[in-house]
Amino acid sequence: MPTLPDGAIQIEHVWKKFRADKTVPKFYDQMKRFGKSIGTGARHDFRWVLKDINLEVDPGGTLALIGINGSGKTTLLKIISQITYQSAGRCDVQGRIGALLSVTSGIHPELTGKENIYLYGAVMGMGRQTIRDRYDEMVEFAGLADAVDRQVKFYSLGMQMRLGFTIAAFLEPDVLLVDEVLAVGDANFQQKCLKRIGEIVKQGTTLLYVSHDLASVEATCETAVWLADSVAVASGPTREVVGLYRAAVEQNAALTTSTEGVVEVLKVEIEAADGGQVRSEADLVVRLSLNSPEPLQANFFLGVSQGTAFPMFIVRFDGNFPAGDFEVTCRMHHVPLSKGRYSLWPAMSGHAGGKGKPLLPWQPVMSFDVMGPDFIRLPEGVMVMSNVYVGSDWEVN
Amino acid sequence: MAAIASSFGRTLVETDVSSIPAEPSQDLIYRHRVRHFESARALWSHRDIIYTLAERDFRAQYKQATLGILWALLSPVATLLIMIVVFSHVKSFGTEGLPYALFAFVGILCWSFFSSALGNGGQSLLSNKALMAKTQFPRECFPLETMCVNALNTVLSWVPLAILFVIFGRAPAITTVWVPMYMLIEVVFAAGIAMAIASIIIQMRDLMQVLPIITSLGLFITPVIWPFSRIPSNFHFGGGIYVHHAVVFGKYVPSHWVGGFNINLQMVYGFFNPLGPVIDGARRTMLLGFAPQWNLAGIAALGALVYLTIGYRIFKRLEVNFADIA
């Protein structure tokens with residue numbers, strides 16, 4: 001077996017099983033199981049959380065693991081960092097590993113920030129001397145200069161996270177594992193962390209990055225692996241894998257017809273006015289088939305959002321709608337959306353019959369893709385693509 | 001550095017999920033092999049973590065107490081005061097001419113290290129499970145770290161012992177220099193048991209409930225408040241005829257056994273419970289000024305090493321699952 005260079009990760013056919021007992025094993029169950037195990041050799045119920053995972057990262061490479069909750073991302077990181085062991089297969093990692101799996105787990109609430117920096121640093125594999133040398137720098141980075149002598153239990157969660165991340169940021173390992181830890185930080189600090197991760201990668205550290213923030217995944221990693229149901233369903237260049245993942249996730253959440261409103265959504269169609277793909281700045285045609293038990297006079301809204309209930313824009317139409325099946329068509333002009341995936345939210349409000357029942361509650365009914373120009377390079381420090389596309393003409397004199 | 005010669009990640013590859021077997025083939029099954037030499041080296045290179053964790057626990061223990069670290073001194077003094085009051089009139093169990101308070105306090109100091117090392121060490125994995133599930137370093141650090149904290153606490157509680165010496169107008173004998181040797185045996189013994197308990201408690205929390213019962217029982221079967229000499233060094237075993245002392249042909253013949261054989265129960269006890277010789281040794285050297293009984297010290301050291309080996313092996317054996325089921 002050839003030895004890998006420092007910072008390389010090679011994983012072959014890794015399997016991991018977890019216990020999946022239905023109850024806490026009580027004495028009676030234990031005995032029953034013991035009796036069974038004499039015949040079969042199986043002591044516990046279990047389930048596979050990772051199945052036949054293969055992946056490779058070169059020294060200095062960057063790999064993202066994406067997938068929904070419970071798909072095995074964190075378990076894989078734990079196996080790579082040897083916190084837990086695989087049930088089968090081979091996992092070969094060379095060099096010093098810095099695993100940032102949870103920022104607050106190493107932090108002791110009773111100790112002061114300073115004491116915690118020494119504690120967590122040591123636990124993460126930093127020598128005491130190194131910590132002493134870089135202490136001031138770390139406090140500066142975390143922005144905790146006036147809180148560092150306070151007990152950590154009086155910190156906010158965000159402050160604890162900053163403390164934890166800072167220590168990891170100064171680790172300088174050969175392999176850095178980062179697991180969805182930036183979620184609690186404020187936007188400013190998140191930006192700072194992502195930038196720091198970028199710097200660490202530039203210095204030649206191998207990065208394994210887990211996040212649900214697909215924009216930051218695309219910005220930091222060259223390659224990606226998509227885990228679904230314990231299996232690595234796709235691997236390859238980040239952009240393509242993320243694209244597949246987005247398509248699958250949103251297929252799941254496709255048309256959710258709500259029964260709560262008076263009006264029922266039967267069918268939704270979205271297309272460009274010229275019949276092709278929806279593009280930035282093109283006109284967009286939305287066609288909804290609806291059903292109402294009675295004629296209505298109402299306000300009809302259509303909103304477009306990216307994920308959240310907070311819309312990026314809303315259009316409105318006031319008018320009369322017939323009883324029974326009817327169709328609403330809306331043409332939106334010069335839709336200023338940048339490349340990405342968006343959802344359509346219709347809503348109706350008015351005064352007809354329903355007695356407290358909304359006519360049509362504000363809810364996403366469909367998602368659609370917008371094609372548009374790519375900004376491959378973003379300004380230094382900006383990690384997330386803007387949602388709005390504005391066409392521009394330039395001139396330099 | 002040479003890159004891995006493979007095309008992984010260069011192009012989009014979608015896995016055919018149906019091609020994945022239901023279970024891994026037998027030759028892939030991971031076997032956790034413990035290389036003791038490498039484990040020891042890893043532990044040595046992570047010794048900083050042991051100090052740091054010990055420092056954390058020691059500091060955290062008195063944080064937010066107004067008297068702070070003073071409590072490390074005050075609580076043994078309080079124990080001492082209680083003992084002086086309770087035992088000042090007790091004259092049970094021959095104490096070889098020693099004031100009973102002094103006699104018992106040495107025993108209790110040794111015992112309290114052991115019982116708290118067992119308690120804290122045994123729960124060390126459980127109480128650090130958040131850390132254990134997210135960070136990677138040798139797991140032995142946790143029980144060993146609690147040994148350090150307890151040792152430090154115990155050293156601090158030797159201070160009231162000095163007060164006791166003053167009260168009784170005595171001074172520790174020159175042979176006190178042997179006490180650290182006994183303490184080392186005790187630490188080895190406690191570390192072995194604590195490792196075993198810590199790794200078993202993770203799987204079987206029942207032990208957590210049973211542990212205090214066992215320790216309180218241990219207090220009485222260990223020569224803490226009674227002298228070790230209570231255990232016969234020459235115990236007859238295996239039958240035979242007991243001949244009473246008599247004067248035969250003008251010569252005094254003491255009572256003795258004919259047939260069977262004699263065993264030194266102290267040695268047997270010392271192997272299974274190294275604390276016996278340890279406490280006895282500490283008393284003999286510090287209070288009475290005798291040299292250590294080497295045969296007892298040796299058998300205790302041997303016993304302690306056996307416990308350490310067994311404990312360590314159990315720990316390493318169960319280590320694979322720690323992060324998963326903690």
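Every number here is computed from the coordinates shown, using simple stated rules; none is lab data. Computed from a prediction, not measured in an experiment: that's the story for all the values here. Methodologically, a virtual Cβ is constructed for each residue, glycine included, from the backbone with ideal geometry; neighbour enumeration extends over all protein chains shown.
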Checklist outcome for this item: The simple spin-label model distance between B:Ser255 and B:Leu184, using points 7 Å out along Cα→Cβ, in nm, is 4.2 nm
Checklist entry - Where does helix B:100-127 land angle-wise versus the long Cα axis of chain B, in degrees 0 to 90, nearest 10? => result 10 degrees
Next on the checklist: So if I place +1 on the C-beta of Lys and Arg and -1 on the C-beta of Asp and Glu, and nothing else carries charge, what would the dipole magnitude of the range B:1-71 be about its Cα centre? I want it in debye, nearest 20.
Outcome noted: 480 debye
Checklist outcome for this item: Under 20 Å by backbone N from the virtual spin label 7 Å along Cα-to-Cβ at B:Trp294, the residues of the range B:170-192 are B:174-186
Checklist entry - For chain B, which longest stretch is free of loop sites, where a loop site is one of the trypsin sites (Lys or Arg not before Pro) that DSSP puts outside H, G, I, E and B and that has at most 12 other Cβ atoms within 10 Å? => result B:206-326
Checklist entry - Using modelled amide H (1.01 Å from N, peptide plane; none on Pro or chain starts), what sits under 5 Å from the amide H of A:Gly89, excluding residues fewer than 5 places away? => result A:Trp15, B:Ile29, B:Tyr30
Checklist outcome for this item: Taking a crude spin-label model, label points 7 Å out from Cα along the C-beta direction, the B:Thr66 to A:Glu281 distance in nm is 7.3 nm
Next on the checklist: Between B:Val85 and A:Leu157, how high is the FRET efficiency from 1/(1 + (r/R0)^6) when r is the Cβ-Cβ distance and R₀ = 51 Å? Nearest 0.05.
Outcome noted: 0.55
Checklist outcome for this item: Proxy exposure order for A:Glu115, B:Glu186, A:Glu327, A:Glu218 (fewest C-beta within 10 Å first) is A:Glu327, A:Glu218, A:Glu115, B:Glu186
Item to check | Modelled FRET efficiency - R0 56 Å, A:Ser289 with A:Asp186, Cβ distances, 0.05 increments | outcome: 0.80
Next on the checklist: Using only the alpha-carbon atoms, how far is helix B:294-318 inclined from the longest principal axis of chain B? Give it as 0 to 90 degrees, nearest 10.
Outcome noted: 20 degrees
Next on the checklist: At a 10 Å Cβ-Cβ cut-off, how would you order A:Ile107, B:Ile241, fewest neighbours first?
Outcome noted: B:Ile241, A:Ile107
Checklist outcome for this item: In a Gaussian network model of chain B with springs linking alpha carbons closer than 10 Å, the residue among B:Thr79, B:Thr66, B:Thr309 that fluctuates most is B:Thr66
Checklist entry - Once every DSSP H run of n ≥ 4 in chain B is given -39500 (n - 2.57) and the sum is divided by its residues, what mean residue ellipticity at 222 nm do you get, rounded to the nearest 500 deg cm²/dmol? => result -19000 deg cm²/dmol
Checklist entry - Which ³J(HN,Hα) values, rounded to whole Hz and listed in residue order, are derived for the range B:7-19 from phi using the Karplus coefficients 6.51, -1.76 and 1.60 in 6.51 cos²θ - 1.76 cosθ + 1.60 with θ = phi - 60°, glycine and proline given as x? => result 9, 4, x, 6, 10, 6, 10, 9, 7, 7, 4, 6, 7
Checklist entry - Going by how many other Cβ atoms sit within 10 Å of their own, how do B:Trp71, A:Trp345 line up, fewest first? => result B:Trp71, A:Trp345
Checklist entry - Using the alpha-carbon atoms, what tilt in degrees (0 to 90, nearest 10) does helix B:71-87 show relative to the longest principal axis of chain B? => result 30 degrees
Checklist entry - Who wins for biggest fluctuation among B:Pro76, B:Pro292, B:Pro21 in a Gaussian network model of chain B, springs between alpha carbons below 10 Å? => result B:Pro21
Checklist entry - Which residue, B:Ile310, B:Ile279, B:Ile69, tops the fluctuation ranking in a GNM of chain B built on C-alpha contacts under 10 Å? => result B:Ile69
